[in-house]
Amino acid sequence: MTLPTIVLASASPARKQLLHNVGIEPLIHVSHVDEDALVAENLWTTAEAVAGGLAVAKAQAVARTLDLDDALIIGCDSVMEFGGHLHGKPGTPEAAAARLTEMSGGRGHLFTGHHVIRRLRGEERATSAVTSTEVVFHDITEAEVRAYVSTGEPLHVAGAYTLDSLGGPFIKEIHGDPSNVIGLSLPTLRAMFSDLGVGWELVLASVASRAT
């Protein structure tokens, strides 16, 4: 048995890099789903529901566009919950600055929804999971907030911060899976692949075959 074609239904460079780091070179197909419309239509109100629901929608949208005989299609979405409020991508400098100021010295939870579709010889199976990681922040000064926002990075990531890039120095502690905060829980993905009949040894075997 060989590793199926792996498709990432996301434009996230961080998710692509996480997969690359463990030996997976995915095809990238962006779903282009209307996230706000889906949340409103389905009345999702919790971080777990939003992250999980959007992950399903993204994977399904991409699966409908592909003609692959043996594939694993991965959909993901991340949402930050802080103080009872849900935070996706802030989008504007003002929103990013407000969120960073709010989270300074506090703690919240980053939820990432995962949905994997296994397509094999015209049949499909799927599995879903939502993983949560607690994030504790250092105090962040006003000058640091302004400087970080000016880089543009926090505008386009869930919660307005990163763990693996410029926002990393502001994070004091992580309780749970760090890769989940970056955008895709690798231990969760391993378990989901197994549920769909694809052991992680196939990923490692594909790495070994490329090295020879």
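Laboratory data are not the source of any read-out in this text; all were calculated from the coordinates shown. Because the structure is predicted, anything quoted here is derived from the model rather than measured. For neighbour counting, all protein chains shown are included, and Cβ atoms are generated from backbone atoms with ideal geometry for every residue, glycine included.
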* Would you work out which of LEU43, GLY88, ALA126 lies farthest towards the positive end of the dipole of segment 1-153? Charges go on Cβ: Lys and Arg +1, Asp and Glu -1. => ALA126
* Between beta-carbons, use under 15 Å as the cut-off and find the net charge around GLY91, counting Lys and Arg +1, Asp and Glu -1. => -3
* **Residues of type lysines that LYS89 reaches as a straight line, Cα spacing below 19 Å, ignoring anything fewer than 8 places off in the same chain** => LYS16, LYS58
* Structure fact -> Neighbours of HIS109 by Cβ distance under 10 Å: Lys/Arg at +1, Asp/Glu at -1, summed charge -2
* Report the Stokes-Einstein translational diffusion coefficient (µm² s⁻¹, integer) for the chain, Rh taken as the Kirkwood radius over Cα pairs, at 25 °C with viscosity 0.890 mPa s. => 138 µm²/s
* Nearest 10 degrees, 0 to 90: what angle lies between the long axis of helix 186-195 and the longest principal axis of the chain (Cα atoms)? -> 30 degrees
* Give, rounded to the nearest 20 debye, the magnitude of the charge dipole that the chain has about its Cα centre when Lys and Arg contribute +1 at Cβ and Asp and Glu contribute -1 at Cβ. => 460 debye
* Among MET1, MET103, which comes first, second and so on when ranked by fewest other beta-carbon atoms within 10 Å? -> MET1, MET103
* To do: Determine the sum of side-chain charges near HIS175: Lys and Arg each +1, Asp and Glu each -1, restricted to other residues whose C-beta is under 15 angstrom from that of HIS175.
  => -2
